[in-house]
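Everything on this sheet refers to the single structure shown next.
The values are calculated or read from the model by the stated rules, or taken from the named source; none is laboratory data. The structure presented is a predicted model; accordingly, all values stated were derived computationally and were not measured. Reconstructed Cβ throughout: ideal geometry from the backbone, glycine too, with neighbour counts over all protein chains shown. When the accessible area is computed, the model is the full protein with side chains, heavy atoms only, and any ligands, DNA or RNA have been set aside. Shrake-Rupley method; radii C 1.70, N 1.55, O 1.52, S 1.80 Å.
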Amino acid sequence: MTQDTHGLSLEGPQYSNSLGQRFVRIDPGTFSMGVGDTPLPEDVAEKPHRSRGDYDERPEHEVELTRPFYMGVCQVTNAEYEQFDPDHRALRGRLGLSKEDDEAVVFVSWHDAARFCDWLSKKDGLPYRLPTEAEWEYACRAGTRTHYHTGDHLPDVFLKNARRSWFPDPERTEPGDVVSLTVGKTPPNAWGLCDMHGNVEEWCYDWYGPYEPGKQTDPIGRVAGDFRVTRGGSHSAEVYYLRSANRMGALADESSWLIGFRVVIAPLPNTAPLPVAERPLAQCFVEQHVPPDLKVAPDTDVPYFRGPNTFVKIPPESNGPMYSHHNHVPSIAECPNGDLLAVWYSCNEESGRECAFLASRLRYGQCEWEPASPHWDVPDRTQATVALWYDGAGTLHEFTGLSAAATWGNLCIVLRTSSDSGASWTALRVIVPEHGIRHMPIPSIFRAINGAIVLPCDAVTGGHGGTALWMSEDDGASWFDAGGTIAGIHAGVTQLPDGRLLAFGRGDEIDGMMPMSVSEDMGKSWRRSPSVFPPIHGGQRLVLRRLQEGPLFFASYANEPMMITDASGAERPIEHLFCALSLDDGQTWPFRRLVSDDYPEHAMESMDGYSLPMSKSTSEHAGYLASCQAANGLIHLISSRAHYAFNLAWLKSPPPAL
């Protein structure tokens, strides 16, 4: 071997190492990274909104790689990896995947892959590492400018269960979801590399971040970030996500049946990484002092109501990182500084990989919500739900169900916190690492009498089947599933003074009514019965919470006329979004009001911009509800687009007469 000018102590076009891994030399060169303006073929895009690739693949830019490197012909296999970590053999065949020696190793985190490279470097005396994202795309393209190294279409031999999979959800798993991950079975590209499109995703060295315009030389990504880049796509993914330019990412601590890696031999370029991207609007100019009048409320004896006020403000025709098509499943919290923060997901398709979180802030003392801004987004992973919770002691908690791929059939639960009113956040922490069901957070979080944090999560992926409770008895350090299942998904949950838990849910109707569930053992088991409220359906989510003043607050939808008694003493019907109040811990609900400004009929803007009528008798038809109560006692209720604020006096006051 000879030493070249870049510290690479190898010669020749190929190399085999001590593990028998084969490598090919990749010489320096220049290429166009990302996607341009040419539309993708219809059968590649598959959906109109994908016709020009993903937003994070732009701008297309020139990249020069000045150093040669050797890249593994194949992805690292079980047999190779287990020479470093014999304990990994216990993970072979998990969920039925990757059983054999020559299948790609999976269930390895970025840290696992990096440690393997360090081990192999010491073993062989060579600089093994993960490829940079630019090295990976350059090597994958192998001189091509098409969507795949095979051209603008990918032959069937590369496709393994190439669809949007719900695996491992037991209700939606299909036989084809378990496939062979044997390496080297696809034709190599022009530079001799196999499996660059599909089989398993591959960890790259880089922190994920947006591309910069202009030529780049030996780029190594961002200086820091939340996610490490993965490339190449995997089995059980739509062919669109197997393109040479497509970018994915994952938490460095995550591991799944979709991600493996391959290694390169070369010193890491000494290029300076790019800085962290600028903070989004909702994290900028955040006041840190607590207003002296934070707890000063409108006259508590006078009914107060304000709304509807739009909090989802996105430029029309937006297609990433904010999406104007569908914005849904929000959460809201009051920050320690008195600001209101709303977070929700934005997408073209709910189960699609483009799903991202956006945020908007209503700053203390202001009347209008700011324009939406990106909150965070794991590239090409569904982020199914978000649940904000303020602990009352200076810390915001943000719980999320994070998918291993598309859909919400394979979520883990992650958490991050903020101690500066959402101006900055801790790194995302995986608190429930197993990807599966019972992991979709609902913003009905509370601290129990015994001090435990209670986190409701949908237990299923469909409209019926119930809600689970996850709990932490050590202030969020560790979590466990309480074991029982509440009747109905998207459940609102609270605790009664005697320690019992009370919940209402969507679906699983009993005698045609919304189900009510009561637990006497902190969620281990539940007793179910019909409630006094009508059932709700798709596109709707209820709210249940205990107010600071003691009563229970409930908000939901009446999809058929519901009778109320108005200020004249007359009974009359109302429809759609309503709220109710109980003064006896849910035994009776004597106060019921339509959530409306009570003006003569006029148009209001509802979910995704649909125009709906609002009057003294009808209100918003659909939306996922979330609420918080501010330090001054005002109750803030949001649907999927509109914000309402009112006080206890308004809830207790009779609705106006017609």
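Assorted remarks:
- Residue within segment 550-557 that is within 37 Å of the chain's Cα centre (by Cα) and free of Cβ contacts under 8 Å to residues at least 60 places away in the same chain present: yes
- Taking segment 430-506 as the region of interest, the strands (runs of 3 or more DSSP E) fully inside it that hold 1 or more residues being open to solvent by 10 Å² or more (accessible area, probe 1.4 Å) are 467-472, 489-495, 501-506.
- Test: residue in segment 608-615 that is of a type in the set (G, A, S), open to solvent by less than 60 Å² (accessible area, probe 1.4 Å) and at pLDDT below 95: yes
- Tabulated pairs, segment 517-539, first more than 21 Å from R438 (Cα to Cα), second part of a loop (DSSP other than H, G, I, E, B) and of a type in the set (F, W, Y), C-beta under 7 angstrom, 6+ apart or interchain: V532/W589
- If you go through segment 529-581 and keep only what is open to solvent by 30 Å² or more (accessible area, probe 1.4 Å) and charged (D, E, K, R), you end up with R545, R546, E549, E560, E571, E575.
- Some residue of segment 239-260 being open to solvent by 10 Å² or more (accessible area, probe 1.4 Å), more than 26 Å from D124 (Cα to Cα) and more than 20 Å from the chain's Cα centre (by Cα): yes
- For segment 43-55, residues that are among the acidic types (D, E) and either surrounded by fewer than 22 Cβ atoms within 10 Å (Cβ to Cβ) or at positive phi (or both) total 2.
- Of residues in segment 510-525 being touching a Leu at 6+ places or on another chain (Cβ under 8 Å) and crowded, with 17+ Cβ neighbours inside 10 Å, the one nearest to C457 (Cα to Cα): G523
- Conditions (1) in a strand (DSSP E or B); (2) open to solvent by 10 Å² or more (accessible area, probe 1.4 Å): number failed by M71: (2)
- Single match in G401, G394 (criterion: part of a loop (DSSP other than H, G, I, E, B) and either over 12 Å from the mean Cα position of the chain (by Cα) or farther than 20 Å from G338 by Cα (or both)): G394
- Count of segment 506-527 residues which are within 17 Å of G483 (Cα to Cα) and among the small types (G, A, S): 4
- Single residue of T77, T132, T144 found to be more than 25 Å from G221 (Cβ to Cβ) and among the hydroxyl-bearing types (S, T, Y): T77
- Residue within segment 156-163 that is at positive phi and surrounded by fewer than 20 Cβ atoms within 10 Å (Cβ to Cβ) present: yes
- Unmet criterion (only one of (1) in contact with a helix residue (DSSP H, G or I) (Cβ under 9 Å, 6 or more places away or on another chain); (2) on the phi > 0 side of the Ramachandran plot) for G151: (1)
- Scanning segment 259-267 finds one or more residues that are under 20 Å from W207 (Cα atoms) and of a type in the set (G, A, S).
- Residue satisfying condition, being open to solvent by 20 Å² or more (accessible area, probe 1.4 Å) and assigned to a loop (DSSP other than H, G, I, E, B), within set R115, R172: R172
- Of the residues examined, R141 is not one that is modelled with pLDDT of 95 or more and open to solvent by 20 Å² or more (accessible area, probe 1.4 Å).
- Boolean, D206 is over 21 Å from D377 (Cα atoms), of a type in the set (D, E) and either touching a residue at least 60 places away in the same chain (Cβ under 8 Å) or surrounded by fewer than 22 Cβ atoms within 10 Å (Cβ to Cβ) (or both): no
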